[in-house]
Structures are given as C-alpha cells and as structure tokens.
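Okay, structure first, notes after.
Read-outs throughout are calculated quantities, based only on the coordinates presented, and are distinct from any laboratory measurement. These figures come from a predicted structure and were not determined experimentally. Note that each Cβ is placed from the backbone with ideal geometry, even for glycine, and that neighbours are counted across all protein chains shown.
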Amino acid sequence: MRGRIDVGAVIRRVFDIYVDRAPVLMPAAAVVFVFTGILSALLVAASAGLALLAVLIYVVATTIFTGVVVELVADLQDGRRDAGARQLLRRAMPVIGQLLLVAIVAALCVFVGLAFFVIPGLFLFTIWSVAAPVVVLEHPPGLRALQRSRELVRGNGWQVFGVLLVLDIAVLVVAGALELAAESAGTGAGIVVRVILGVLTAPLSALAASVLYFQLRAASAHPAAGAGSTDSGPAEADGPGAEV
C-alpha cells in the first residue's frame, strides 16, 4: 500500500520554489534560451548542415539546466538555501553524461509512443517523469533510472499525470496569450516574446519533476500517510503509471 500525493500541494510547492528561487532560476534559464538560441541561430545561418549541432547544443544546455534545478530543490529539503548557482552546477556536472543519455532515450521512446499510439506515449511520459532527479540524486547505473522512476510513480500515476497536465496547460495558456500579443506587435517583438516565454517557463518542468520525486519518495517511505496526501484509502494500481 502506497501513500497518495496531493496534486494541489505539489503544484503549490512548484510555484513557491519558482518564486522564492527566481534569482537563481531566471539567470540560468536565460543562459540556456538566450545564449544557446543566439549560438544556434548563428550556426544554422552559417550552414544548414550545422542544424544538428545546434540541436545538440540546446539539448546539452537544457540537460545541464535540469541537473541544476534538481540540485536546487534538493538543497531546499532541509528548509535552508545553502548553495549558490555555482555550487549547484558543480554538484550536477558529474552526472550530466548519464542524465543526457537517459533524457535522450526517454524522449525518443515517448515520441514514438505519441506518434504511433498516443496513449503509450503518455504512459511512458508519466512513469518516467522523475527519471532526471533519480539520476542526479541516486546515481543508478545505465538506464536503471527509468525503472526506478516507474517504481516511484507506481500507485500515483493519475496524480503525477494530473500535475504534469495542469502545468502544461498553464504554460500553453500563457504562451498563447503572449503569442497573440507578439503577432500584433510585429516580427521583432515576436522573437523577444518567445525568448522571454522560454526563460519564464523553462524551470517549471524540471521543478515539477524534482518536487514530484521527493513527494513520491516520501509517499513510498510512509505509505500510511503519503506525502501531502489527504487520501487515507488504499492506493489502487490504476491510471498512468499503474502496475501492469
């Protein structure tokens, strides 16, 4: 029997950290989306054949950013903010290679699942949602992080899917509103708005994965009460991430 996580509590925690640690998150996100965006544009402008290199640079930069966010959330677990941006980056760097491997494999599998069957893609997206924090904080070998992520999510599939869905919808609504405003303002403004949007929303997925990881780990360790859960009933194996 596993404890149930509270979807609302997880989302509130994500935004609490987002606001509280904005001085660290925003500059890091700006580096990822501004610097790498400019570099990628220069590479593509120089030669269309360099587009793959541009994508690789973006993926690596995003992976490093994810590692930093995971370490940031881990740093907050004792209620204090002990580490700065450099310390967080230093802690995350040793696992960047493995984090990149797991991220690429998971993304490819989810893409195939979405492209051909949809539901299997959503299933994989849900059960592997905390693989990045597992890599950064538990250091499992190879692709073991994907299995460990599924173990943590099991019994809370619908809750995890709900958190991811709500955050994605929130981002889409904000993005849609900004896109409409940018279109009426002209091409140059549109580019600026897209960069700003990227910087503002970049931390959310990594924060969600990190907060979910700690909530799910607590629910697994304390099945009677769960992690921020108000549901004391049995945890049925149903929904995305359920045991099959």
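What is the order of Asp168, Asp6, Asp78, fewest Cβ neighbours within 10 Å to most? Numbers along the way, then the final one.
Working: Asp168 14, Asp6 20, Asp78 8.
So the ranking, lowest neighbour count to highest, is Asp78, Asp168, Asp6.
How much of the pair distance distribution for the range 7-221 lies past 32 Å, counting alpha-carbon pairs only, in percent?
So the portion of pairs separated by more than 32 Å is 17 percent.
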(message) Net charge within 13 Å of Ala132 by Cβ-Cβ distance, Lys/Arg positive one each and Asp/Glu negative one each, not counting Ala132 itself?
(response) -1
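Given 25 °C and 0.890 mPa s, compute D for the range 1-117 with the Stokes-Einstein relation, Rh being the Kirkwood radius over Cα pairs; round to the nearest whole µm²/s.
Values: Rh = 16.5 Å.
Answer, rounded: 148 µm²/s.
Kirkwood Rh over Cα pairs of the range 58-128 into Stokes-Einstein at 37 °C, 0.692 mPa s: D in µm²/s? If you can, show how the numbers build up before the last one.
Working: Rh = 13.5 Å.
So the translational diffusion coefficient is about 242 µm²/s.
I need the chymotrypsin sites (Phe, Trp or Tyr not before Pro) found in the range 78-177, filtered to DSSP loop residues with at most 12 other beta carbons within 10 Å of theirs.
Values: sites: Phe111, Phe116, Phe117, Phe123, Phe125, Trp128, Trp158, Phe161; in loops: Phe117, Trp128.
Those that pass, being in a loop and sparsely packed, are Phe117.
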(message) Just to compare against my own numbers: the Cα pair-distance distribution for the range 21-75, 5 Å bins, whole % per bin, please.
(response) 4, 21, 24, 19, 13, 9, 6, 3, 1
(request) May I ask you to compute the full-extension gain from Ala46 to Asp78, defined as 0.36 nm times their residue separation minus their alpha-carbon distance, rounded to one decimal in nm? (result) 6.7 nm
